[in-house]
Amino acid sequence: MNAIAISKNTRFRRYALVAGAVLVTLPGVTANRSADRPAKAQQQPATPDNDSGPQKPRHHWYQIGRASWYGKLFQGQETASGENFDMNAMTCAHRSLPMGSLVKVTNLHNHKSVVVRVNDRGPIQPGRVVDLSYAAAHLLGFSRRGTAPVRLELVSSASQLARLALPANPR
């Protein structure tokens with residue numbers, strides 16, 4: 001018997017135990033205890049509008065390395081996410097980022113940037129951090145060369161994506 005395998009009987013007991021624990025604690029969590037709470041007029045909502053000081057910048061994920069691109073040979077083939085590869089779409093392959101993540105890719109030679117969506121796993125080539133679609137590589141200016149040094153930054157929110165799409169100081 002495999003050390004990781006769990007019998008169906010043991011698995012059922014675990015599920016029953018977790019479900020029982022949830023059912024026991026749920027009434028206590030959802031109970032209305034108005035006597036224990038201060039009046040709503042005295043509470044200050046914790047929103048950024050009430051902060052008088054500057055907000056601390058959040059740490060965000062980034063990676064620096066070499067990018068390559070792939071195109072015609074893989075056109076129409078199924079990607080790791082299940083969709084068909086389109087070399088004219090703004091997509092990429094990354095080893096560890098979750099499928100569907102949005103990533104800002106900046107070419108460190110010419111400082112051009114694009115936002116791509118992770119829809120595949122890769123790159124297979126050692127020493128590369130990302131495989132871009134032909135369209136993304138073309139907009140970054142390295143489709144003829146094949147590879148380029150890049151910086152990847154995870155786009156974590158809709159407001160961050162909006163700032164990338166509509167910069168405050170257009171040139």
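The values are calculated or read from the model by the stated rules, or taken from the named source; none is laboratory data. It should be emphasised that the depicted structure is a prediction, and the values quoted were computed from it without experimental measurement. Positions of Cβ are backbone-derived with ideal geometry, glycine not excepted, and every protein chain shown enters the neighbour counts.
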* Taking GLN55 as the residue in question, decide whether it is part of a strand (DSSP E or B) and either modelled with pLDDT of 85 or more or loosely packed, with under 12 Cβ neighbours inside 10 Å (or both). => no
* Does VAL114 count as in contact with a His (Cβ under 7 Å, 6 or more places away or on another chain) and surrounded by 15 or more Cβ atoms within 10 Å (Cβ to Cβ)? -> no
* When segment 58-79 is examined, which residues are found to be under 17 Å from the mean Cα position of the chain (by Cα), surrounded by fewer than 14 Cβ atoms within 10 Å (Cβ to Cβ) and of a type outside the set (Lys, Arg)? -> HIS59, HIS60, TRP61, TYR62, ILE64
* Given (1) of a type outside the set (A, V, I, L, M); (2) modelled with pLDDT of 95 or more; (3) outside any strand (DSSP E or B), where does GLY76 come up short, assuming only one miss? -> (2)
* Residues in segment 133-154 that are touching a helix residue (DSSP H, G or I) at 6+ places or on another chain (Cβ under 7 Å) and either at positive phi or surrounded by fewer than 18 Cβ atoms within 10 Å (Cβ to Cβ) (or both): how many? -> 1
